[in-house]
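> This structure is in structure tokens; I'll ask about it shortly.
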Amino acid sequence: MRYSGKNPRRFEQKYKEHNPQLYAETVQKVMASGKTPAGMHRPIMVEEIMEVLAPKAGEIAVDCTLGYGGHSKVLLAKVQPGGRLIGLDADPIELPKTTARLQALGYEESAFSAHRSNFAGLPKILAKEQLNGAHCILADLGVSSMQLDDPTRGFSVKLNGPLDMRMNPQRGIPASALLAKLTPDELELLLEENADDPKAKTLSQALSQKTFSTTNELASAIRYELKRMPIEDQDLSIRRVFQALRIAVNEEFSALDTLMRVLPQSLLPGGRVAILTFHSGEDRRVKKSFAAGLRDGVYSAIADEIIRPSAEERNSNPRSSSAKLRWAIKA
């Protein structure tokens, strides 16, 4: 593949990173530099999560956000022999790839199954698998690097692409269509609730009911509106707007509220749950739900404090920096 310069810059040109099984040395160099190889995702706080979930041989584990399969690979090994891993993911593009990677590990066919569903559908998936519940459940609420880095998905301003942001491109409307139909008051509320953006009122007047086809068009409009602010503050607002739209497009808070409501019935007695959040809106919901469950006797113990990535992990994988881990044990 031809590209200008010493190293490929475009996502689609990074053919070595897209084939880690063939170019392991290149992939290791990229990871050693603190970056995530194209088309891959680095699982966050794996050791801390395994300590919390304490998966054992013969148990049933559920990964509600299969993603690239980093956490699932470890969970699957921990519950062998005799255990099962159930994987859920709403992304129809990445799910087949991850399913194939995990099936290629050589475990019995019954040891792993994958389902295209977001975590709100957890009870239905357990019923489909003829299970009364699971011993351990993991939900990593972050957007995967595969989605962030692929410009065709429209999740990030780093690379220009269609303003889409749907985790399941076959469902719902893209972010461009959502912006075009929201009134200024509706957009202001969305920016406040989904991203705590202090410039929500100003930006809502400038962006609502406008047509933006690409991520760069939206970012440029935000910069223009905030042109008197420092570049760093402009960048922060851009990230907040993208976050708020992504949450709305994928109905993330609604799905999370449903997950927190169905978790107790999805866990076996003494079952453990671990949830990774990446911004305050998610963390507040998890914290309040676990606290209410402890008060009502649903959970026998919950995390007293959030668990954060180690300094070493934050340095080697900057995308882990905002992660917060909370856990609970069913009574």
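> Give ARG239, ARG319 a once-over and let me know the one that is modelled with pLDDT under 95, within 24 Å of GLU192 (Cα to Cα), touching a Ser or Thr at 6+ places or on another chain (Cβ under 8 Å) and part of a helix (DSSP H, G or I). First the steps, then the outcome.
Working: ARG239 fails: touching a Ser or Thr at 6+ places or on another chain (Cβ under 8 Å).
Checking each option against the conditions leaves just ARG319.
> I've got another one for you. Of all residues in region 134-147 being in contact (Cβ under 8 Å) with a residue 60 or more places away in the chain and part of a helix (DSSP H, G or I), which is nearest to the chain's Cα centre (by Cα)?
SER145
> Among the residues of region 217-252 satisfying the criterion of being among the small types (Gly, Ala, Ser) and in contact (Cβ under 8 Å) with a residue 40 or more places away in the chain, which is nearest to ALA120 (Cα to Cα)? Let's see the steps before the verdict.
Restricting attention to region 217-252, the residues satisfying the condition of being among the small types (Gly, Ala, Ser) are 219-221, 237, 244, 248.
If we keep only those that are in contact (Cβ under 8 Å) with a residue 40 or more places away in the chain as well, we get 219, 237, 244, 248.
Numbers: ALA219: 31, SER237: 29, ALA244: 20, ALA248: 15 Å.
So, considering only residues that are among the small types (Gly, Ala, Ser) and in contact (Cβ under 8 Å) with a residue 40 or more places away in the chain, the one nearest to ALA120 (Cα to Cα) is ALA248.
> Same structure, new question: List the number of the failed condition for GLY67; all other conditions in (1) modelled with pLDDT of 95 or more; (2) under 17 Å from the mean Cα position of the chain (by Cα); (3) closer than 24 Å to ILE307 by Cβ; (4) outside any helix (DSSP H, G or I) hold.
(1)
> A further question follows. List every residue pair whose Cβ atoms sit under 9 Å apart, with the two residues 6 or more apart in sequence or on different chains, where the first one lies in region 192-216 and is in contact (Cβ under 8 Å) with a residue 60 or more places away in the chain and the second, anywhere, is assigned to a loop (DSSP other than H, G, I, E, B) and among the aromatic types (Phe, Trp, Tyr).
Within 9 Å, the pairs are THR215/PHE155.
> Select from region 92-101 the residues that are crowded, with 22+ Cβ neighbours inside 10 Å and either aromatic (Phe, Trp, Tyr) or farther than 18 Å from ILE44 by Cβ (or both) and list them in ascending order.
none
Yes/no matrix, rows are residues, columns are (1) under 30 Å from LYS56 (Cβ atoms); (2) out of contact with any Lys or Arg (no Cβ under 7 Å at 6 or more places or on another chain); (3) in the same structural domain as GLN234 (by TED's automatic domain parsing):
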residue: PRO123; (1), (2), (3): yes, yes, no
residue: LEU126; (1), (2), (3): yes, yes, no
residue: ILE137; (1), (2), (3): yes, yes, no
residue: PRO162; (1), (2), (3): no, yes, no
residue: SER176; (1), (2), (3): no, yes, yes
residue: LYS199; (1), (2), (3): no, yes, yes
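> Can you name the number of the only condition in (1) crowded, with 16+ Cβ neighbours inside 10 Å; (2) out of contact with any helix residue (DSSP H, G or I) (no Cβ under 8 Å at 6 or more places or on another chain) that ILE44 fails?
Result: ILE44 fails condition (2) only.
> Regarding ASP164, is this residue at positive phi and not aromatic (Phe, Trp, Tyr)? Quick ask: steps written out before the conclusion?
Details: at positive phi: no; not aromatic (Phe, Trp, Tyr): yes.
No: the conditions fail for ASP164.
> Looking at region 226-254 only, could you name the residues that are under 20 Å from GLY142 (Cα atoms) and surrounded by fewer than 19 Cβ atoms within 10 Å (Cβ to Cβ)?
Step one: of region 226-254, the residues under 20 Å from GLY142 (Cα atoms) are 235-254.
Listed by number, the residues that qualify are ASP235, LEU236, ARG239, GLU251, PHE253, SER254.
> Which one of GLY83, GLY70, GLY34 is touching a Pro at 6+ places or on another chain (Cβ under 8 Å), crowded, with 18+ Cβ neighbours inside 10 Å and either outside the structural domain of PHE278 (by TED's automatic domain parsing) or over 17 Å from GLY142 (Cβ atoms) (or both)? Break it down stepwise before answering.
On the way: GLY70 fails: either outside the structural domain of PHE278 (by TED's automatic domain parsing) or over 17 Å from GLY142 (Cβ atoms) (or both); GLY34 fails: crowded, with 18+ Cβ neighbours inside 10 Å.
Selected residue: GLY83, the only one of GLY83, GLY70, GLY34 that is touching a Pro at 6+ places or on another chain (Cβ under 8 Å), crowded, with 18+ Cβ neighbours inside 10 Å and either outside the structural domain of PHE278 (by TED's automatic domain parsing) or over 17 Å from GLY142 (Cβ atoms) (or both).
> Criterion first (in a helix (DSSP H, G or I) and free of Cβ contacts under 8 Å to residues at least 24 places away in the same chain) does ARG284 satisfy it?
Values: in a helix (DSSP H, G or I): yes; free of Cβ contacts under 8 Å to residues at least 24 places away in the same chain: yes.
In short, yes.
> Taking region 1-22 as the search range and keeping residues that are surrounded by 16 or more Cβ atoms within 10 Å (Cβ to Cβ) and not in a loop (DSSP other than H, G, I, E, B), which one is farthest from the chain's Cα centre (by Cα)?
Applying the filter and picking the extreme gives GLN13.
> Select from region 155-179 the residues that are loosely packed, with under 15 Cβ neighbours inside 10 Å and within 18 Å of ALA219 (Cα to Cα) and write down the one among them that is farthest from the chain's Cα centre (by Cα).
ALA177
The values are calculated or read from the model by the stated rules, or taken from the named source; none is laboratory data. The shown structure was predicted, so the numbers you read here are calculated from the model rather than taken from an experiment. In this analysis, Cβ positions are derived from the backbone assuming ideal geometry, glycine residues included, and neighbour counts consider all displayed protein chains.
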